[in-house]
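Asker: Here it is, the structure in full.
The values are calculated or read from the model by the stated rules, or taken from the named source; none is laboratory data. If you're wondering where the values come from, they're calculated on a predicted model, not measured in any experiment. Every residue, glycine among them, receives a Cβ derived from its backbone with ideal geometry; neighbour counts consider all protein chains shown.
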Amino acid sequence: MSNPIVGELIDLLRLERLEEDLFRGQSRDIGTRNVFGGQVLGQALSAAQQTVDTDRNVHSLHAYFLRAGDIEAPIVYNVDRSRDGRSFSVRRVVAIQHGQPIFNFSASFQVAESGADHQFEMPVVPAPEDLAPPEQVPAQELEKMPVKLQRWLARKAAFEFRYVSRRNEVKPEKRAPYQQIWFRLIDRAPDDDALHRSMLAYASDFHLIGTAMLPHGISYLQHNVQVASLDHALWFHRPFRVDDWLLYSCDSPSALGARGLTRGLIFTRDGRLVASTAQEGLIRLLPE
């Protein structure tokens, strides 16, 4: 691993241990108005994993975003060891900034066991190599946007994406609430399964809420659209690496009351279902 952007993400997720069950993570400004939700999700999982025996892997996590995170301040993660049984361990994590909880998180870990095995088939889509990289927002459009949004769109990201169906976020058209996106880390990562799970949690927050906006022809780039994650669930099924191509197949079964529900299935390129996600997000149309 030689790419400094990937190294920065790894450092972001590894955390500083303050006490036995107390950790501190730094915040990274990637151009979002507040701390990126995937950052808090990945850091909370990293904190929880460091309090569990290494023979137990996370199989599910559930989280609520309570307050917007301050990009300029570190985040403290307080881990509660709720249960350690013969097969399962459960952890609760509270993320704290400026003396207030901004995020609640719970995760369950399990010793590896054999059992029934089935999965959905991966959608038939073009290979990532057959898809072009995303188009850049034209300079004349970019200069009309707020500075932070310009930084978000111009950032050098740790993950690269290939969209099966291209979409113009500046002038979005209405379409069915489904999308498939290939993604992977831009450089090789260490052989650390726990780190790969934290990085997948980080990446899983991309594109979910955007799926719920597809039928309405609106975009997070529009000044009158307010978007925020409200909760997030993630289930891990099978081994994977985030530096190999993964397919994120997303759908949105419902939107109502300024909230949109989205779901996602994550597959390896050889068709193994490795994770599932669900998220409800705020999609608020503001007065012009």
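Asker: With the requirement that a residue be under 17 Å from the mean Cα position of the chain (by Cα) and polar (S, T, N, Q), what does segment 90-108 give you?
Answerer: Once the filter is applied, which keeps residues that are under 17 Å from the mean Cα position of the chain (by Cα) and polar (S, T, N, Q), segment 90-108 yields N104, S106.
Asker: Sticking with this structure for a sec: If you scan segment 168-204, which residues turn out to be more than 20 Å from the chain's Cα centre (by Cα) and over 24 Å from A47 (Cα atoms)?
Answerer: If the condition is that a residue be more than 20 Å from the chain's Cα centre (by Cα) and over 24 Å from A47 (Cα atoms), then N168, V170, K171, P172, E173, K174, R175, A176 are the ones that fit.
Asker: Just to be sure before I move on: is G210 modelled with pLDDT under 95 and within 29 Å of L12 (Cα to Cα) in the structure I sent?
Answerer: So G210 fits the description; yes.
Asker: Check G31 against each of (1) over 16 Å from A107 (Cα atoms); (2) in a helix (DSSP H, G or I) and name the one condition it does not meet.
Answerer: Here G31 meets the rest and fails (2).
Asker: Based on this model, can you work out whether S82 counts as modelled with pLDDT of 95 or more, within 22 Å of M199 (Cα to Cα) and part of a strand (DSSP E or B)?
Answerer: no
Asker: All but one of (1) farther than 22 Å from A112 by Cβ; (2) in a strand (DSSP E or B) hold for S276; which doesn't?
Answerer: Here S276 clears every test but (1).
Asker: Can I ask one more? Restricted to segment 33-48, and to residues that are within 14 Å of the chain's Cα centre (by Cα) and surrounded by fewer than 24 Cβ atoms within 10 Å (Cβ to Cβ), which residue is modelled with the highest pLDDT?
Answerer: Restricting to residues being within 14 Å of the chain's Cα centre (by Cα) and surrounded by fewer than 24 Cβ atoms within 10 Å (Cβ to Cβ), the top hit is G38.
Asker: Here is a further query. Taking H98 and the conditions (1) at pLDDT below 95; (2) at positive phi; (3) not charged (D, E, K, R), which numbered condition does it fall short on, given that it satisfies the others?
Answerer: Failed condition: (1).
Asker: Among the residues of segment 231-265, which ones are out of contact with any His (no Cβ under 6 Å at 6 or more places or on another chain) and β-branched (V, I, T)?
Answerer: Residue satisfying the conditions is T262 alone.
Asker: Could you look through segment 1-32, keep only residues that are of a type in the set (A, V, I, L, M) and crowded, with 17+ Cβ neighbours inside 10 Å, and pick out the one that is farthest from the chain's Cα centre (by Cα)?
Answerer: Per the criteria, the residue is L15.
Asker: If you don't mind, there's one more thing I want to ask. In segment 243-254, which residues are in contact (Cβ under 8 Å) with a residue 60 or more places away in the chain and either surrounded by 15 or more Cβ atoms within 10 Å (Cβ to Cβ) or closer than 15 Å to T211 by Cβ (or both)?
Answerer: The answer is W245, L246, L247, Y248, S249, C250, D251, S252, P253.
Asker: Inside segment 49-72, can you point out the residues that are among the hydrophobic types (A, V, I, L, M, F, W, C), within 15 Å of F103 (Cα to Cα) and modelled with pLDDT of 95 or more?
Answerer: L61, A63, F65, L66
To keep it simple, each residue is scored yes or no on (1) in a helix (DSSP H, G or I); (2) over 21 Å from V35 (Cβ atoms); (3) touching a residue at least 60 places away in the same chain (Cβ under 8 Å); (4) aromatic (F, W, Y).
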position	(1), (2), (3), (4)
W182	no, yes, yes, yes
R188	no, yes, yes, no
D191	no, yes, no, no
M199	yes, no, yes, no
G210	yes, no, no, no
P215	yes, yes, no, no
L221	no, no, yes, no
H232	no, no, yes, no
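Asker: Name the single residue that is nearest to A201 (Cα to Cα) among those in segment 80-134 being surrounded by 14 or more Cβ atoms within 10 Å (Cβ to Cβ) and of a type in the set (V, I, T).
Answerer: V93
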